[in-house]
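The values are calculated or read from the model by the stated rules, or taken from the named source; none is laboratory data. Since the model is a prediction, treat every value here as computed from it, not as a measurement. When we count neighbours, we look across all protein chains shown, and the Cβ atoms used for this are built from the backbone with ideal geometry, even at glycine. Surface areas here come from the heavy atoms of the whole protein model, side chains and all, with no ligands, DNA or RNA. Shrake-Rupley method; radii C 1.70, N 1.55, O 1.52, S 1.80 Å.
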Amino acid sequence: MSSPKDNRHRSLYDGSVWKVVILASALIVLTTSLIGFMSYRMTQKEVIRKLKTSDLSFIARSIASQVEGRIDRAMETSRIVADDPAVREWVAGGEKDERLGMLVKQVLASIPRDYDYTNSFVVSAATHHYWAESGKVIDTVSESDPDDKWFFNTIASGKKTDVVVDSNSARKDTFVFVNVLIGEPDRPLGIAGVGLSLKKLSEDFADYRLVEGSRLWMVGGDGTIHLSADYADTGTKLSEHLTAAALQEWNRSPADRERVFEAEDLSGGRMDMISYPIASADMRLLVQIPRSQTTGFLGSIKQSTTVAVVLSLILSIYFFTYVSRRMADPYKRALRLNEELESMVEDRTQALADKNREMTESIAYANRIQRSVLPSEEALREHFAEFLTYWKPRDGVGGDFYWVKEVGGVKWIAAGDCSGHGVPGALMTMLSVSLLDRIADQEDNASPSEVLRKLNVLLKETLGQTDREGPTDDGLDLGLVFLRDGNMQYAGTGIVMAVKDAGGLRMIKGDKPGIGYRRTPADAEYSLHDIELGDDTVVYMATDGIPDQNGGAKKLSLGKTALLEWLASYGDSPLAEQRNHFERDIAAFMEQERQRDDMTLFAFRPRTDDGTKER
Amino acid sequence: MGSIRHIQIEGTRSTPEVRFDPERHILAIRGQSYPENAFAFYEPLLKWLDEYLAELTAETTVEIELQLPYINTTSTKCFLMFLEKLDGAFKEGKRVSVRWLYDEENESELECAEEFKEDLVLPFEIVPKAAE
């Protein structure tokens with residue numbers, strides 16, 4: 001196979017199949033990636049939504065309820081102490097009653113011992129004595145001492161219960177004091193209560209931290225952190241831990257309702273925050289969770305989605321390519337088959353060309369042989385004063401011929417048209433000329449009509465065409481002139497015979513039956529025409545190929561009349577010149593039309609010694 | 001006549017169009033005829049004609065319409081055979097007639113028709129196409 005074919009093959013294959021494969025693969029990549037990306041984004045969005053609406057809220061609520069539970073219990077305990085009749089009576093009696101005093105001291109002592117309170121106390125409004133869990137007076141509150149202000153404020157408030165948060169930075173602890181008025185709130189006898197360390201709660205806070213980097217604060221109304229998962233934060237201001245924007249969000253959050261918001265932490269990371277009220281302590285819980293941690297598992301989702309996308313891409317592209325190759329296979333096979341067929345056609349074309357060349361050469365050679373049978377120019381010059389030969393077989397060789405022979409002072413001049421063109425026609429001319437020669441060599445040839453009669457019989461015999469039926473039916477048209485002692489005789493069939501002299505141009509009609517054909521009887525007779533030879537008589541003989549040739553505007557046959565008109569128009573000009581005129585005219589008439597038949601025009605002007613008259 | 005098939009051959013550059021209708025009894029040949037092997041073309045037509053004429057009754061009128069601007073020598077021989085068969089049928093008393101249409105400008109065509117007519121006895125009408 002030659003390389004241009006390979007290239008075309010490849011380009012056809014690339015051009016269509018690979019374009020489809022690449023396009024489809026691109027589509028697969030696009031859609032799979034899009035689905036992967038979208039499912040990841042939806043998961044992410046859903047995770048964050050759930051975090052904000054439910055998880056954060058749940059965390060905050062459970063922490064807050066822990067804190068409130070502790071405070072509620074402390075309030076209950078404090079109330080039990082304050083409402084204890086022994087305490088009331090003892091305080092009302094100015095802490096004088098020994099027996100009651102013992103009971104009270106036992107109660108105060110049992111509280112921190114039996115429960116997880118740090119201290120318990122009773123402060124008298126009358127004596128200002130501060131009785132601690134140790135059963136001793138550890139202080140006498142004074143209105144002038146700022147540390148004791150809480151006592152006078154609570155007494156004056158008329159509120160039965162009061163919760164005070166007191167952060168002690170030195171002890172890194174936060175204390176919640178629950179103060180309950182002893183006696184009626186409008187006439188309080190004093191204050192009883194418990195102190196509660198939130199350090200324990202703070203340790204629990206650390207356990208609440210769900211994820212790395214999350215923070216948990218209990219913040220008072222003034223922004224002071226009272227409780228933190230990190231002890232270090234206790235007592236500091238919230239503003240130290242938040243960005244200005246986050247602080248602003250915090251400040252906008254209502255004290256009595258939960259609020260979720262997003263903010264950046266000090267290092268610029270995204271945070272989800274929730275503010276949650278702790279009503280009993282007049283404080284708020286603030287939970288801060290880094291987004292990176294809550295959505296951290298999204299990273300692995302992202303990773304596995306990517307892996308799934310890539311895997312499905314590889315698989316689908318592999319299968320698609322495999323299938324498309326299988327699909328393309330018949331196409332490739334068709335191309336290959338086409339190439340094989342083309343190569344076969346090429347081989348056959350070559351074989352035909354070879355055969356054609358052989359035949360053309362063969363016919364060219366046959367043409368030389370056939371020409372050699374025709375009389376040479378030299379011979380014609382010897383016989384005639386002037387002559388014209390136009391011999392044009394349609395297919396290299398053909399059935400037309402002209403022939404001249406001198407026998408015993410008689411010039412035999414013939415023009416013939418055998419049946420068939422090409423090789424069959426040429427074979428017939430050889431046979432006909434040979435038979436004519438044979439007849440000429442016999443002695444008793446009185447006239448051309450006699451010759452035609454004999455030729456008919458001989459040809460029929462030679463070709464086995466004596467019956468009407470048979471495999472071949474060949475013969476010829478022939479015009480034959482005898483020139484003898486100034487006389488001219490003519491016999492003919494099928495040949496256009498015309499004589500031009502001083503009287504003009506006239507046609508001599510031949511006989512009907514062709515020579516040698518099956519349907520021509522063996523005893524067929526041909527009429528004899530005596531033609532007077534005048535000065536400058538010219539004899540024209542043409543085969544029917546000339547009048548039958550089509551051409552002109554209507555592509556009709558030329559016709560005998562037109563042929564004779566041409567010949568007449570050439571006047572008395574030399575025959576060599578007339579030949580040129582004729583050649584020009586017939587070519588112009590035919591134009592693009594194919595030659596229909598072999599064409600022969602033969603004309604001659606007899607020598608003076610052929611005629612009787614002087615020249 | 002049911003057993004005789006219709007013949008319908010389209011014309012080519014060198015062969016004429018042939019329409020033989022055995023039901024309407026119209027046989028038409030139109031166009032140039034100069035095939036390389038005229039016998040091969042005309043033999044089936046001649047064979048068909050033999051069958052057709054053999055079944056033809058004396059009551060049926062057959063019209064043969066010819067229009068042949070150019071026929072070569074071998075085709076001429078085939079046509080002669082064709083026309084002789086018709087002539088034979090006519091001589092047997094069958095109603096067969098030929099109508100030859102020719103182009104008035106085509107001298108050879110008229111000559112050819114006239115030559116054919118000379119040998120035949122059946123009604124042979126030569127009509128110029130313009131006069132039709």
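Ordering A:PHE297, B:PHE116, B:PHE90 by accessible surface, largest first, gives A:PHE297, B:PHE90, B:PHE116; the 1.4 Å probe counts only protein heavy atoms, with every chain in place. Projecting label points 7 angstrom from Cα along Cα→Cβ for A:GLN293 and A:SER312 puts them 3.4 nm apart.
Buried accessible surface for the B/A chain pair comes to about 1900 Å², total over both chains, computed with a 1.4 Å probe. Helices meeting the span-like rule in chain B (full DSSP H runs, Cα extent of at least 24 Å along the helix axis, mean Kyte-Doolittle score of 0.0 or higher): B:38-55, B:73-91. At a probe radius of 1.4 angstrom, the accessible area of the range A:200-295 per residue rounds to 45 square angstrom. Starting from the Cα of A:PHE319, step 7 Å toward the Cβ, then list every residue of the range A:18-47 with an amide N under 19 Å from that point. The answer is A:21-36.
Peptide A:549-556 shows a mean partner chain C-beta count of 3 within 10 Å per residue C-beta. Helix-only arithmetic for chain A: the sum of -39500 (n - 2.57) across DSSP H runs with n ≥ 4, divided by the residue total, places the mean residue ellipticity at 222 nm at -15000 deg cm²/dmol.
Does anything in the range A:526-549 have its amide N under 12 Å from the 7 Å Cα→Cβ label point of A:ARG506, and if so which residues? Hits in the range A:526-549 for A:ARG506 at 12 Å: A:530-534. Take each residue of peptide B:67-78, count the partner chain Cβ atoms within 10 Å of its Cβ, and average: the result is 5. Peptide packing: for B:96-107, A:135-146, A:363-374, the average count of neighbouring Cβ atoms within 10 Å per residue gives the ranking B:96-107, A:363-374, A:135-146, highest mean first. For a test of the definition: using alpha carbon positions, the gyration tensor, and the 1.5 limit on a/c, classify the range A:374-606 as rounded, prolate or oblate. It comes out oblate by the Cα gyration axes. With the simple model of a label 7 Å out from the Cα in the direction of the Cβ, A:ALA232 to B:ALA40 spans 11.4 nm.
Sorted on the mean count of surrounding Cβ atoms within 10 Å across their residues, most packed first, peptides A:177-183, A:99-105 read A:177-183, A:99-105. Label separation (A:MET42 vs B:LYS117): 9.8 nm, computed from points 7 Å beyond Cα along the C-beta direction.
Over the range A:200-295, Cα pairs under 8 Å with separation of 6+ residues give a relative contact order of 27 percent.
Taking all Cα pairs closer than 8 Å and separated by 6 or more residues, the relative contact order of chain A comes to 10 percent. On the basis of the beta-carbon distance and an R0 of 45 Å, A:GLU98 and A:ARG187 show a calculated FRET efficiency of 0.95. With the cut-off at under 16 Å, measuring from each backbone N in the range A:393-432 to a point 7 Å along the Cα-to-Cβ line of A:ALA364 picks out A:395-397. Let me know the shape class of the range A:200-295, please: from the alpha-carbon gyration tensor, a ≥ b ≥ c as square roots of the eigenvalues, rounded when a/c is under 1.5, otherwise prolate if a/b is greater than b/c, or oblate. Rounded shape, in that the Cα axes give a/c under 1.5. Rolling a 1.4 Å probe over the heavy atoms of the protein chains gives the range A:374-606 an accessible area of 39 Å² per residue. About its Cα centre, chain A has a charge dipole of approximately 1760 debye under the convention of +1 per Lys or Arg Cβ and -1 per Asp or Glu Cβ, with nothing else charged. The trypsin sites (Lys or Arg not before Pro) of the range A:234-301 that DSSP puts in a loop, and whose beta carbon has at most 11 other beta carbons within 10 Å, are A:ARG257.
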